[in-house]
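Each reported figure results from applying straightforward, stated rules to the coordinates on display, with no laboratory input. From a predicted model like this one, the values you see are computed outputs, not experimental measurements. Cβ sites come from the backbone with ideal geometry, for glycine too, and all protein chains shown count toward neighbours.
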Amino acid sequence: MGTPGEGLGRCSHALIRGVPESLASGEGAGAGLPALDLAKAQREHGVLGGKLRQRLGLQLVELPPEESLPLGPLLGDTAVIQGDTALITRPWSPARRPEVDGVRKALQDLGLRIVEMGDENATLDGTDVLFTGREFFVGLSKWTNHRGAEIVADTFRDFAVSTVPVSGPSHLRGLCGMGGPRTVVAGSSEASQKAVRAMAALTDHPYASLTLPDDAAADCLFLRPGLPGASPFLLHRGGGDLPNSQEALQKLSDVTLVPVSCSELEKAGAGLSSLCLVLSTRPHS
């Protein structure tokens, strides 16, 4: 099947959703979240979209904000995409399940094959799913259960799918991510290190590992742009958000580092990878 990371593909499109005023009120999905600075959150989101489009050369699909979906900008939870297949998830929170509707339509319009989760016993948040390019790891967390992981395995049968227990309040991708085609990056907390040890015990493929001082810094996106001859990018939290992790990130010499901020959106539970969906396929004409 080739070397690890080849399955990460060359990216063509990114999907984001605007920040509604209802998110700033602190009433997101009834969760009693802290109030946000709406203007700052929208600026962060706009900069993220700009870098996806201008710096990484992706075609950006922007869904409008919906006041009835305060956590709608966290659309990374709504789908798991590999190749031309999109698995529409079933978020743990019933209040968030309507978020998948607009995402489903956008992905259909881009020509992806849509797979639905029909089992009402299954729960799955997309940010509990880490694809390494060679295999899937699915975090078993507050948000994702065994049945949800089984549906990931049923959907993406060409890849091994392993489950990783996640302790604490994080999704799997809030603890670890891919810093390159063969490199797993992880935070320094016990929860992060426990997840990485579990992954290492489950895989047949060797991955290098890099520990970062901040767990949130490991929530990054390794992307191969569709531009000919362009080097891979690592979209990551910048020094304004997580200054302690910047020196360690510089050790990732095989990627072009692209820093962004989401410190305000983080107050609503957003990690970097939850704020966009990246497609490594081209839409049907």
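General remarks:
- Amide H within-cut-off set for Arg90, under 5 Å, with H built and near neighbours excluded: Leu124
- Its Cα gyration tensor gives the range 54-140 an equivalent ellipsoid. The semi-axes, each the square root of 5 times an eigenvalue, are 19, 19, 13 Å from largest down.
- Taking amide H positions as modeled 1.01 Å from N, with prolines and chain starts lacking one, the residues under 5 Å from Leu257 and 5 or more places away or on another chain are Leu234.
- Modelled spin labels at Ser167 and Asp109, positioned 7 Å past Cα toward Cβ, are 4.5 nm from each other.
- Candidate lysines - alpha carbon under 25 Å from Lys40, same-chain residues fewer than 8 apart omitted: Lys51, Lys267
- Rough spin-label spacing in nm, given labels placed 7 Å along Cα→Cβ, for Lys142 and Ala208: 3.5 nm
- Put simply, the convex hull of the Cα atoms in the range 67-192 casts, on average, a shadow of 7.9 nm².
- In plain terms, if you count all Cα to Cα distances in the range 141-201 and split them into 10 Å steps from zero, the share in each step is 21, 50, 28, 1 percent.
- Stretchable slack from Ser93 to Lys40, in nm (0.36 nm times residue separation minus alpha-carbon distance): 16.5 nm
- Coarse-grained scattering of the range 178-240 at q = 0.18, 0.21, 0.29 Å⁻¹, given as base-10 log I(q)/I(0) from a Debye sum over alpha-carbon atoms: -0.70, -0.87, -1.24
- Here the scattering of the range 125-274 is modelled by Debye summation over its C-alpha atoms, one equal scatterer each and no solvent; at q = 0.12, 0.16, 0.20 Å⁻¹ the log10 of I(q)/I(0) is -0.47, -0.84, -1.29.
- Kirkwood-type radius of the range 81-120, with distances r between different C-alpha atoms, in Å: 10.6 Å
- Linear extension gain, Asp154 paired with Ala201, 0.36 nm per residue minus alpha-carbon span: 14.7 nm
- Reducing the range 42-120 and the range 233-263 to their Cα centroids gives an inter-centroid distance of 24 Å.
- 5 angstrom amide H check on Val184, placed H, neighbours 5+ away: Gly179, Ala208, Ser209, Leu210
- The convex hull drawn around the Cα atoms of the chain, when projected onto a plane and averaged over every direction, covers 13.4 nm².
- Among Asn244, Asn145, Asn121: highest mean-square fluctuation, GNM of the chain, C-alpha pairs under 10 Å: Asn121
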